[in-house]
Structure formats: C-alpha cells, structure tokens
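Every number here is computed from the coordinates shown, using simple stated rules; none is lab data. Note that the structure is a prediction, hence the values are computed from the model and not measured. All Cβ positions, even for glycine, are placed from backbone atoms using ideal geometry, and neighbour counts span all protein chains on display.
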Amino acid sequence: MILGILAANSVANTAVNIANAVNYPFAHNIETIVVFMILLFTYSSIILFLAVIILRLRKNQFEKRAEFIKSSLNGLIMGAAFASTEDELNEVLLQAKPAFNKYIRTSSQGQIMINEVINMHSNLAGQSKNNLSRLFAETCLMTYTMRNLGNENWHVKASAIRALAQINSEAHIPKIEKYALHHNIYLQQEAQIALVNLRGYDGLDFLGKLKNALSDWQQINILDVLRKLDKDKAPDFSQWLSNKEDTIKLFSIRLIHYFQQGYNSDKLEEFVHSENKLLRNEAIAALQKIKPGSHFGSSNTVKA
Amino acid sequence: MILTLEIIIWIIFVFTLFIMGSYLILAYLSYKALRVYFTKNSFSDFNTILNSPLAPPLSVVSPAYNESKSIVDNVKTQLSLHYNDYEIILVNDGSTDDSLQKLITNFQLEKKDIKIPQHLPTKEVLGVYKSSNPAFKRLVVIDKVNGGKADALNVGINACTTDYVTCIDVDCVLEQDSLLKMVKPFLERTDKKRVIASGGVVRIANGCVIENGKLVKVEVPESFLPRVQVLEYIRAFLLGRMAWARLDGLLLISGAFGLFDKDIVIKCGGYTLKTVSEDMELVVRMRRYMHENKQPYVATYIPDPLCWTEVPDSYKILGSQRSRWSRGNVETLWIHRKIGFNPRYGRLGLLSYPYWFIFEFLAPIIESVGIIFTLILAYMNLINWNFFFLLLLFCYTFAILFSMIAIMAEEETFHEYKKMSDYFKLIYSVLLEPTFFHPFITFSAIRGYIGVMFGQKSWGKMTRKGFSNKKEDSTLAKKMADAKPKPV
C-alpha cells in the first residue's frame with residue numbers, strides 16, 4: 001500500500017525545504033498544488049463513498065423490479081409452456097404480448113426475461129419447448145434479442161446469438177452464420193456453438209473454412225453440444241484430418257475417438273509419428289480405443 | 001549538510017509521487033482487465049468442463065504438517081470440489097501429531113507399494129497410501145520425512161500423474177468451482193503462447209461462516225487487524241495482480257492457490273528450499289526459464305474469489321508473517337538479480353522486476369529513512385509544521401482514495417460484502433489503516449530485511465484460531481495463511 005504517513009513525513013520535509021531554503025521555480029506554487037491535490041483526493045473519495053451507496057441502492061431496486069417482473073409474467077410463461085392445444089397457446093400469446101410490453105421497459109429487464117424463458121426452455125422437452133420458442137418469438141423478447149444482435153458491443157451481440165441458439169430459432173441461422181468466421185474470437189466461438197446447436201452435425205461446416213486455431217475450450221463446448229445428438233448420424237470426422245490447422249486436426253481425432261469411428265483407424269495411424277506431440281498422443285489414445293489390439297504406448301486424452 | 005539532506009529528501013519526494021502514480025495506473029489497468037474478464041466470462045458455462053471428456057485431468061497437491069485437528073475436514077472439502085477428473089495428493093511432511101493416523105482411519109487408507117518418480121530431488125518418502133474405499137479413490141496420501149513446505153510440494157509434484165498441478169494450502173477453503181475456473185485459461189488460448197501458470201484470488205475467511213469446509217456466509221471480520229487485511233487483500237489481488245497479469249508482468253502467484261504446467265515446473269527444478277517465499281520464486285523462475293528458452297508463454301490470473309484463508313489477528317503473528325514475506329521478497333530478488341533491468345527478459349526484466357525492487361523492496365527502507373530525516377530536521381528546527389501537516393494530509397487522503405477505489409472495484413465486480421454495516425466497517429478501516437496498520441507493516445518489513453542480513457531462515461511461530469474458532473498452535477512454516485497479498 002501507499003507509503004502513507006511515514007513517507008508523508010519525508011515529503012513534508014521536502015516541502016519545508018522547498019518552501020524555506022530552495023529557489024526552485026515551482027517552489028512557491030507547491031502549497032497551492034498540494035492543497036488542490038488534497039481536495040481532489042478528498043472529493044474523489046467522498047464521491048466513491050457515495051457511489052458505492054448509490055450502486056447498492058440501485059442494485060436493490062433493480063433486483064426488486066426484476067423479481068416483480070418475473071412474478072408478474074411467470075403465470076403467462078407457464079401458461080404458454082404447458083398449453084395443451086393450439087387455441088390455448090394462441091390465447092396465452094394474445095395476453096402475453098401486451099403484458100410483456102407493459103412490464104419490460106429496458107433492455108436489462110428484457111435480458112432478465114430472456115434468461116428466464118431460456119432457462120425454462122432448456123429444462124423442458126417436446127411441445128412445451130416449442131411453445132416457449134413461440135412465446136419468445138412473438139413477444140418483445142425477440143425484439144430485444146434482435147436489437148442485441150445489431151449492437152456494436154461484441155458481448156451483447158454474442159449474448160443474442162446464444163439466446164437465438166438456445167431458443168432453437170432456426171430462422172436466424174443465416175444471420176448467425178456470418179459470425180462463424182468473425183475476427184472477434186469470442187463472437188466467432190459463440191456463433192460456432194450456436195450453429196452446431198441449431199444445425200446439428202451440419203453446423204460443423206465452419207471447420208473447413210476456419211483459418212485460426214480452435215481452442216480446447218471451444219472444442220469442449222462444441223463436443224458438449226454434439227454429445228446430445230444421435231451418435232449414429234455423425235458424419236465422417238476424418239474430413240478435417242487434412243486441415244492445415246493442427247487444432248482442427250486434433251479436434252477431428254478427438255471426435256473420431258469419442259464417436260468410436262473405427263473405420264478411420266488407418267487415417268489415424270498416419271498421426272502416430274506426427275511431430276506434433278498433441279496430435280501423436282491423441283491419435284495413439286484414439287487408436288487404442290477404436291482399434292483394439294493396437295499398441296503405441298500410453299497417453300492421457302479424451303475419454304470416450 | 002543541508003544540500004545532502006535536500007537531495008535525499010527530493011529523492012523521497014519524487015519516489016512518493018512515482019509510487020502514487022504507479023498505483024493509479026495499476027488501478028486503471030485493473031479496471032480495464034476486470035471489464036474484459038467479466039465480459040468474456042459473462043457467458044462461460046463452467047459446467048461444460050465438468051462433464052467434458054476433453055477436460056484435462058488435474059492434481060491438487062497440498063502439504064500438511066501437524067494439521068491433525070482439521071485435516072480430515074480439509075480433505076473432505078477437497079474431495080467435494082467440482083471437477084470430473086482430479087487426484088488429491090496430500091503430503092504429510094513428517095507431522096509429529098496424529099495427522100497420518102487420522103487420515104488412515106477416516107479414509108480407510110492402505111499403504112501401497114508405489115514408487116514415486118524423482119523428477120525433483122526431495123527428502124525420503126516413507127510411504128504412499130491409497131484408500132480401499134472407492135468413494136475416496138481420488139485421494140493419495142504421501143508420508144515423508146520433514147523437509148519444509150517447498151520439499152513437500154516437490155514430493156507432491158513428483159507424485160502427480162497429470163499435466164497440470166494445483167498447489168494449495170491444506171487449510172484454505174476453496175470454492176467448489178475453483179478448479180473449473182482455474183483451468184479455463186489453460187484451455188482457451190488460441191495463439192502459440194503456452195500458459196505456464198494461473199493464479200487465483202485469495203480472500204479472507206476470518207468472520208465468514210464456514211460449515212463442513214464450505215463457505216456459507218461472507219462477512220467482514222469483527223476485529224480490526226483482519227478487517228484491514230480484507231482491504232489490503234482486495235487492493236492487492238483485485239487492483240494489483242489483475243493489472244500485472246494484464247501487463248504480462250505477474251511475478252507472484254499465491255502459494256495458497258495456483259495452477260501450474262507441471263512440465264515447466266519440473267524443468268525449472270520445482271520449488272526451491274533456498275527461500276521462505278517459494279511461491280514467488282517459482283513463478284519468477286518459470287518465467288525466466290521460458291524467456292531463456294525463447295518459448296512464448298503467459299501467466300494468467302483469475303479475479304474470482306476462489307480461495308478463502310484465515311489471516312493473523314494479532315500484531316505479533318502478523319509482524320512475523322510480514323517479516324517473513326519481506327525476507328522472501330529480498331531472497332527472490334537476489335536469486336534472480338540477473339533479470340533485473342535486463343532487456344533480454346522483456347517486461348519481466350524491465351518492468352516487473354524493477355517495480356518489485358523499487359516499490360516493494362525499497363519502499364519500507366525509504367519510508368524508514370523518511371522518518372529518521374523527519375526527526376533530524378525536527379531536531380534542527382527546519383520543519384515548517386503547517387506545511388508538514390499539509391503534506392501529511394496529502395498522503396493520507398491519497399491512501400483513502402486508493403482504498404476507496406479498491407472497495408468500488410469489489411463492489412462493482414464480486415460484491416462479496418453485502419451488508420451495509422460491512423461496508424461501513426470497511427470504511428472505518430480505510431480511515432484508520434494509514435495511521436496504525438501501514439507503519440506496522442513497514443516496521444515488520446524492515447525487521448525482515450534485518451533478518452536477511454543476519455541470515456535468518458526460520459518461519460517463526462504462528463497461532464491460529466481456525467475456522468471453528470478453536471485455538472490451535474502450529475509451526476508457521478506449514479500452517480500459516482500464506483496468501484501473500486504483497487501490497488499492490
């Protein structure tokens with residue numbers, strides 16, 4: 001921490017000398033400067049002190065408002081989710097549109113309800129899931145999401161992409177696709193995950209066009225989505241083994257391993273002597289799993 | 001005579017302005033880094049790692065010495081961490097109490113004939129224990145001859161079977177998702193830079209409610225000393241380390257909680273026994289190794305409060321701790337003096353080392369010189385007292401401002417202290433800290449430097465209350481909260 005009082009003594013001594021004994025050009029003004037700085041520090045501290053209190057009050061107010069909105073709209077969300085007939089759903093949607101407009105006044109409130117609907121959406125299945133997608137699409141939640149998608153900030157844009165993917169909005173695939181190779185790595189990653197979410201295995205097309213590395217984190221996220229798909233419909237993942245980017249080759253090997261594509265073992269054997277240690281280890285581990293009887297040493301890699 | 005005094009005083013004056021300026025710059029950089037971190041992670045679902053077959057296996061290494069009273073709970077806490085594939089390597093560093101027996105009984109351990117590779121030279125290993133109960137299959141207990149914390153950590157590193165190793169203090173309380181968050185920086189690089197280490201924020205557990213090894217309620221400590229240290233830790237971890245990580249100049253990852261690339265740790269020779277600040281020394285050595293071998297690398301830092309530790313609540317223990325830290329600081333700077341001001345080491349040599357040398361090592365010396373000069377000048381009747389108090393106020397108000405910036409940063413980010421009364425308690429500490437706490441810390445640092453001059457090597461004695469608020473004694477070397485905030 002700051003030198004504090006002890007240093008202050010030293011500084012004070014300096015000032016004494018400046019003031020009493022030295023003829024430096026700024027010596028006569030130093031007192032004014034110091035007073036100004038003291039006032040600046042003091043006022044800044046008071047402002048920060050008050051800012052924290054205001055911040056807390058605003059947070060409380062926001063949370064209360066959020067709770068109020070949630071409780072006000074919860075009945076409609078539940079009604080839509082569990083509507084058993086088309087007519088019943090239409091009736092709920094008719095009430096939901098003005099109600100959502102009435103209660104949601106800001107984008108942050110909109111985000112709260114977007115998250116609320118998405119959370120419920122992810123916990124449901126079948127018709128209820130579709131109903132919630134319709135509720136999302138036909139209320140102001142979609143308006144807020146599209147507004148976020150057009151936002152200049154990448155993280156706002158990325159949150160919109162995530163929302164569209166989670167709500168299964170296939171209509172927006174073309175809009176999401178253009179971000180799959182975006183120069184902003186985070187936006188790119190979100191779009192790639194969204195595409196796999198929305199298009200299943202076909203969403204992996206971007207792998208063939210990707211020019212940058214695919215991080216382990218991104219591989220984990222994509223695999224997390226792929227694991228929920230039908231394994232039998234998985235494409236031949238060896239198509240990306242010849243990619244120029246080593247991380248994409250690595251991901252392909254991992255996918256071949258995880259999806260147990262034994263017919264690709266010959267292609268994997270080419271990597272057993274790869275100069276890239278990661279590729280080598282991953283290929284050996286995959287071969288040991290998908291081609292029983294192969295002995296290439298040991299490695300710790302994907303656990304299928 | 002007057003001219004000499006004047007020159008020295010000017011040096012101190014300029015030094016003070018520099019240090020103030022550097023703090024403000026660091027605070028600004030931290031603010032930017034925190035924003036980036038929060039934006040990036042606002043949509044990270046860490047549970048994805050939890051279930052992924054691609055998540056790298058980890059080892060959690062913790063040394064223990066005479067931890068009998070809490071060791072079983074501590075291991076249970078470690079066993080309940082959220083991570084799919086990890087092993088816990090607990091190294092019993094020749095405890096003289098019944099720590100090992102308690103572990104054997106509670107976790108149904110059996111001595112196994114397992115040979116530990118000697119990547120790093122260590123004291124003799126007496127036995128390796130694994131549980132016969134599948135519920136504790138992650139746990140490996142190694143019993144060894146007493147050799148100190150660094151030696152115990154090296155044994156743990158030798159024994160771990162994974163590529164990444166987390167070194168923690170056994171008595172720290174980890175957040176359950178701490179491993180998930182710590183491993184992410186290792187997974188998300190898309191450039192050629194290798195992540196060699198990742199540090200986590202350590203927060204103060206005094207005053208918090210901890211049940212069954214889990215933190216259930218966060219509160220500001222009631223007593224003054226731990227409460228001031230709360231401020232100090234927030235400043236150091238949230239404003240200091242975050243900025244240094246952004247500058248790629250991080251020199252210290254707390255021994256209480258850090259995740260390392262095992263390969264590099266071993267290539268560097270592991271923890272050294274030559275210093276009492278083995279955590280800082282290791283990070284400096286790892287960075288030095290990467291520079292000397294021209295390997296692109298990065299040491300990262302996670303601002304989330306992931307690890308909670310108890311801090312001293314008496315001046316005696318605090319003084320001993322800070323004295324040891326300053327000794328460790330000097331020892332590390334001396335061991336790695338080659339990198340100081342050396343352009344070959346890039347920012348490490350031209351920014352981090354000089355900063356540490358000038359603002360961390362020299363600061364207590366300059367402050368002490370300052371007070372001596374004050375006395376001399378007062379004796380010579382050369383002090384303009386009005387101006388003296390004006391400048392005193394100048395420093396004091398700056399100290400307040402900097403602490404307020406830290407509180408604001410905490411408030412805007414993690415907002416751990418939710419009660420308004422906690423906020424006012426912190427403000428009270430902000431006002432008092434420069435008058436009591438800081439001079440004491442400076443005095444302790446000077447004691448540490450004197451200790452180095454006289455070849456002091458011991459870690460001193462430590463008394464801790466423990467999370468259950470029961471008094472317990474142990475040797476500082478193996479038990480003390482070693483989180484090391486190292487004031488910004």
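Could you work out the relative contact order of chain A? I mean the mean sequence separation of Cα pairs under 8 Å and 6+ apart, divided by the number of residues, in percent.
Working: 289 pairs, mean separation 24.7, N = 304.
Reported as a whole number, the value is 8 percent.
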statement: Of the listed links B:Lys192/B:Lys338; B:Lys32/B:Lys338; B:Lys130/B:Lys214, those spanning more than 30 angstrom between alpha carbons are B:Lys32/B:Lys338
- request: Calculate the mean, over all residues of peptide B:7-16, of how many other protein chain Cβ atoms lie within 10 angstrom of the residue's Cβ.
  value: 5
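Per residue of A:155-168, what is the mean number of Cβ atoms on other protein chains within 10 angstrom of that residue's Cβ? The partial results should precede the final answer.
Numbers: counts 7, 2, 0, 4, 2, 0, 1, 2, 0, 0, 0, 0, 0, 0.
Shielding by partners across A:155-168 averages 1.
Could you size up the charge dipole of region A:199-278 around its Cα centre, putting +1 on the beta carbon of Lys and Arg and -1 on that of Asp and Glu, and report it in debye to the nearest 20?
Numbers: 12 positive and 13 negative charges, 49 e Å.
Dipole about the Cα centre, nearest 20: 240 debye.
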- prompt: Does region B:196-253 come out rounded, prolate or oblate by the C-alpha gyration tensor, with a ≥ b ≥ c the root eigenvalues, rounded set by a/c under 1.5 and, if not, prolate when a/b is larger than b/c and oblate if not?
  reply: oblate
task: Mind checking which of A:Ala171, B:Ala409, B:Gly127 is farthest towards the positive end of the protein assembly as shown's charge dipole, using Cβ charges of +1 (Lys, Arg) and -1 (Asp, Glu) about the Cα centre?
output: B:Gly127
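For B:Asp422, A:Asp230, which order do you get if you count the other beta carbons within 10 Å of each Cβ and list the fewest first? Present the calculation step by step, with values, prior to reporting the outcome.
Numbers: B:Asp422 18, A:Asp230 8.
Listed from fewest to most nearby Cβ atoms, that is A:Asp230, B:Asp422.
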message: Can you tell me the length gained on complete extension of the stretch A:Thr85 to A:Asn153, counting 0.36 nm per residue apart and subtracting the Cα distance?
response: 20.5 nm
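When the helix-only estimate is applied to chain B (DSSP H runs of n ≥ 4, each -39,500 (n - 2.57), divided by the residue count), what is the mean residue ellipticity at 222 nm, nearest 500 deg cm²/dmol?
Values: 15 runs with 226 residues, N = 488.
After summing the helix terms and dividing by residue count, I get -15000 deg cm²/dmol.
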statement: Everything considered on the Cα gyration tensor (a ≥ b ≥ c; rounded for a/c under 1.5, else prolate if a/b is larger than b/c, else oblate), chain B must be described as prolate
message: At a 10 angstrom cut-off on C-beta neighbours, averaged per residue, how do the peptides A:68-77, B:273-282 rank from highest to lowest?
response: B:273-282, A:68-77
query: For region B:30-45, what does the Karplus curve 6.51 cos²θ - 1.76 cosθ + 1.60, with θ = phi - 60°, yield as ³J(HN,Hα) per residue in whole Hz, taken in order and with x for Gly and Pro?
result: 5, 4, 5, 5, 5, 4, 4, 4, 5, 5, 4, 9, 5, 10, 8, 9
- prompt: Excluding same-chain residues fewer than 8 positions from A:Lys157, which lysines have a Cα within less than 19 Å of its Cα?
  reply: A:Lys175, A:Lys178, B:Lys40
message: Between A:His155, A:His257, A:His183, where does the largest GNM mean-square fluctuation fall for chain A, given springs only between Cα atoms within less than 10 Å?
response: A:His183
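With contacts defined as alpha carbon pairs under 8 Å and 6 or more residues apart, what's the relative contact order of chain B in percent?
On the way: 835 pairs, mean separation 91.2, N = 488.
Computed value for chain B: 19 percent relative contact order.
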query: Any idea how far apart B:Thr161 and B:His415 come out in nm if each label point goes 7 Å out from Cα toward Cβ?
result: 4.5
message: If you average the C-alpha positions of region B:394-441 and of region B:206-236 separately, how far apart do those two centres end up, in angstrom?
response: 14
task: Search the structure for amide H atoms under 5 Å from the amide H of B:Val91, placed 1.01 Å from N in the peptide plane, and list their residues when 5 or more places away or on another chain.
output: B:Ser62, B:Ala64, B:Ile142
field: Length gained when the stretch B:Tyr315-B:Arg347 is fully extended (0.36 nm per residue, less Cα-Cα span)
entry: 7.9 nm
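Across peptide B:184-191, what mean number of C-beta atoms from other chains lies inside 10 Å of a residue's C-beta? Intermediate results must be reported in sequence, preceding the final value.
Details: counts 3, 1, 2, 7, 8, 4, 11, 4.
Shielding by partners across B:184-191 averages 5.
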message: Give the lysines whose C-alpha is closer than 21 Å to that of B:Lys316, dropping any in the same chain fewer than 8 places away, or say none.
response: B:Lys457, B:Lys461, B:Lys465, B:Lys470, B:Lys471, B:Lys478, B:Lys479, B:Lys484, B:Lys486
message: Taking amide H atoms as placed 1.01 Å from N in the peptide plane, list the residues 5 or more away in sequence, or in a different chain, whose amide H sits under 5 Å from that of B:Leu174.
response: B:Trp308
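Report the far tail of the P(r) of chain A, meaning the percent of Cα-Cα pairs longer than 27 Å. Don't skip to the end; give the middle numbers.
On the way: 28381 of 46056 pairs.
Cα-Cα pairs of chain A separated by over 27 Å account for 62 percent.
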query: Which listed residue (A:Val196, B:Cys160, B:Met380) has the Cα farthest towards the positive end of the charge dipole for the protein assembly as shown, taking +1 on Lys and Arg C-beta and -1 on Asp and Glu C-beta about the Cα centre?
result: B:Met380
- request: Grab the DSSP H runs of chain A that are 4 residues or longer, score each as -39,500 (n - 2.57), total them, divide by all residues and round the 222 nm result to the nearest 500 deg cm²/dmol.
  value: -22000 deg cm²/dmol
task: Filter the cross-link list A:Lys97/A:Lys228; A:Lys244/B:Lys193; B:Lys69/B:Lys137 down to pairs whose alpha-carbon distance in this structure exceeds 21 Å.
output: A:Lys97/A:Lys228; B:Lys69/B:Lys137
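Let me spell out the model: positive unit charges on the Cβ of Lys and Arg, negative unit charges on the Cβ of Asp and Glu, origin at the Cα centre of chain B. What dipole size does that give, in debye rounded to 20? Provide the component values of the computation, followed by the final result.
Working: 57 positive and 47 negative charges, 166 e Å.
My answer is approximately 800 debye.
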